[in-house]
Amino acid sequence: MSEPLILGIESSCDETGVAVVRGNELLANEVASSVEEHVRFGGVVPEVASRAHLQAMIPTLKRALEAADVDASELDGIAVTAGPGLVGALVVGISSAKALAAALDKPLYGVNHLVGHVAVDLLDHGDLPTPTGALLVSGGHTSLLVVDDIVTSIAEVGATIDDAAGEAYDKVARVLGLAYPGGPVIDRAAQKGDPAAIRFPRGLTTPRDLAKHRFDFSFSGLKTAVSRWVELRRRDGLDVPVDDVAASFQEAVCDVLTAKAADLCTERGLTHFLIGGGVAANSRLRTLLEERLAERGVELRRPRPGLCTDNGAMIAALGVEVVRAGLRPSGLEFSADSGLPVSTVLV
Ligand code: KG4
Ligand code: ZN
């Protein structure tokens with residue numbers, strides 16, 4: 001049988017993404033971002049994001065089909081993000097996907113955004129060896145996963161107990177007076193700074209914390225420590241060494257993420273590991289994780305940075321896996337689920 005040809009639609013946050021994938025081959029990946037409209041608010045404004053999705057959806061869809069040189073009638077199915085994410089943003093993608101599926105009489109699959117961040121790597125590195133460990137680091141989530149089967153068996157073994165890693169980047173950027181989203185800006189500033197300049201706290205790493213939170217994360221204490229450090233400098237009339245603060249903050253985040261990821265591999269005997277989500281585009285995280293996993297004989301798979309942030313390709317790639325596994329389509333009745341757990345791959 002030929003490989004499934006799937007259209008993927010993503011609208012969970014501020015990116016309207018539409019992509020076409022055949023098997024593990026990415027044919028088109030169009031993304032329209034409303035990030036510029038949120039910059040002055042320092043974070044995503046849900047109402048603004050929903051309206052932007054409504055405006056961008058049809059043109060982005062047309063561009064994707066054109067770029068893939070595919071007629072909608074040729075598609076084997078349509079995959080759309082069912083959650084988690086902002087409800088008002090999700091419903092735009094879901095409604096569009098339902099309309100398209102009904103008009104074309106194609107099967108529709110409502111899939112999990114978080115699992116999409118894992119699945120996207122198949123487009124870069126082919127089928128996934130299992131079991132594989134995975135670190136999911138985005139603006140809303142930070143989780144350690146063990147993937148036994150990408151469509152039927154994903155276990156979350158740890159997660160953040162407060163802020164997500166990306167959220168910490170965005171908040172620290174704000175404290176430093178840098179632009180939103182903070183991740184890429186801090187990543188660049190950190191390359192000019194000294195990661196050892198300031199010793200910021202590593203959340204949930206004391207023996208006592210580890211007893212209860214072996215694979216969990218906490219970034220709110222780190223964010224507060226950075227704010228306090230910056231405030232004290234300003235109060236004393238001293239310059240804030242932005243590059244050093246960025247590098248030291250980033251080191252604290254990456255140190256904890258990579259140490260726990262490596263420990264998970266050792267504890268579970270995993271020889272393969274994968275990262276996904278917007279923060280997986282981070283240059284320091286990519287290098288440090290590769291180093292630490294190599295020391296333990298674990299092979300790291302990293303999607304290209306452009307596929308780490310939200311896009312339709314991740315949803316189409318997951319749609320392909322769901323079709324390959326022969327799972328039943330979702331039908332036209334399902335709704336957006338802002339809190340969809342990572343273990344629910346297909347609604
Ligand atoms: O996965 P994503 O695009 O959206 C969500 O599902 O949340 O992740 C967005 C997050 C933002 O917090 C952004 O600051 C962060 O990913 N991010 C980065 C980098 N690029 C994006 N964080 C650190 N370094 C980066 N290079
Ligand atoms: Zn995401």
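The values are calculated or read from the model by the stated rules, or taken from the named source; none is laboratory data. Please read these numbers as outputs of a predicted model, since none were measured by experiment. Here the Cβ positions follow ideal geometry from the backbone for every residue, glycine too, while neighbour counts run over all protein chains shown. The protein model used for the area step is the full one, side chains on, heavy atoms only, and it has no ligands, DNA or RNA in it. Shrake-Rupley method; radii C 1.70, N 1.55, O 1.52, S 1.80 Å.
Quick notes on this one:
- For the chain, averaging the sequence separation of C-alpha pairs within contact (under 8 Å, six or more residues apart) and dividing by the residue count gives a relative contact order of 26 percent.
- Efficiency of FRET between Ala102 and Ser220 - r from beta-carbon atoms, R0 35 angstrom, step 0.05: 0.20
- Extended-chain gain in nm, criterion 0.36 nm per residue less alpha-carbon gap, Val240 and Ala325: 25.2 nm
- Per residue, the average separation of C-alpha pairs within less than 8 Å and at least 6 apart gives region 206-324 a relative contact order of 21 percent.
- Antiparallel bridge percentage (DSSP; both residues within the chain; nearest 5): 60
- Percent carbon-and-sulfur accessible area, region 130-304, ignoring ligands, DNA and RNA, probe 1.4 Å: 48
- Note on the chain: Lys pairs 8 or more places apart or on different chains, Cα atoms under 17 Å apart, count 4.
- For the chain, a crude dipole built from +1 on the beta carbon of Lys and Arg and -1 on the beta carbon of Asp and Glu, taken about the Cα centre, is about 900 debye to the nearest 20.
- Rounded to whole numbers, the Karplus 3J(HN,Hα) couplings from phi for region 68-74 are 7, 6, 10, 8, 3, 5, 7 Hz, using 6.51 cos²θ - 1.76 cosθ + 1.60 with θ = phi - 60°, and x at Gly and Pro.
- Each label point was placed 7 Å from the Cα along the Cα-to-Cβ direction; for Val157 and Gln55 their separation is 4.5 nm.
- Applying the criteria of a DSSP loop state and at most 13 other Cβ atoms within 10 Å to the GluC sites (Glu not before Pro) of region 275-347 yields Glu333.
- Listed residues His53, Gly183, Leu135: farthest to the positive end of the dipole of the chain (Cβ charges): Gly183
- Solvent-accessible surface of the chain, averaged per residue with a 1.4 angstrom probe and all protein chains in place: 41 square angstrom.
- Selection among Pro241, Val146, Ala164 by position relative to the dipole of region 130-304 gives Pro241 as farthest towards the positive end (Cβ unit charges, Cα centre).
- Euclidean distance between Cα centres, region 83-125 to region 175-232, Å: 33
- Scoring 262-268, 208-214, 251-257, 79-85 by mean Cβ neighbours within 10 Å over their residues and listing the highest first yields 79-85, 251-257, 262-268, 208-214.
- Amide H within-cut-off set for Gly23, under 5 Å, with H built and near neighbours excluded: Ile6
- When the helices of the chain are scored as -39500 (n - 2.57) per DSSP H run of n ≥ 4 and the total is divided over every residue, the value at 222 nm lands at -14000 deg cm²/dmol.
- The three principal axes of the Cα atoms in the chain give end-to-end lengths of 65, 46, 30 Å, sorted in falling order.
- Listed peptides 162-170, 218-226 by packing density, highest first (mean Cβ within 10 Å): 162-170, 218-226
- With every protein chain in place, region 1-62: carbon and sulfur % of accessible area (1.4 Å): 55
- Extension gain, Thr266 back to Ser95 (0.36 nm per residue minus Cα-Cα distance, nm): 57.2 nm
- Considering only region 130-304, percent of DSSP beta bridges that pair antiparallel, nearest 5: 60
- Cβ crowding within 10 Å averaged over residues, with 227-238, 114-125, 66-77 ranked highest first: 114-125, 66-77, 227-238
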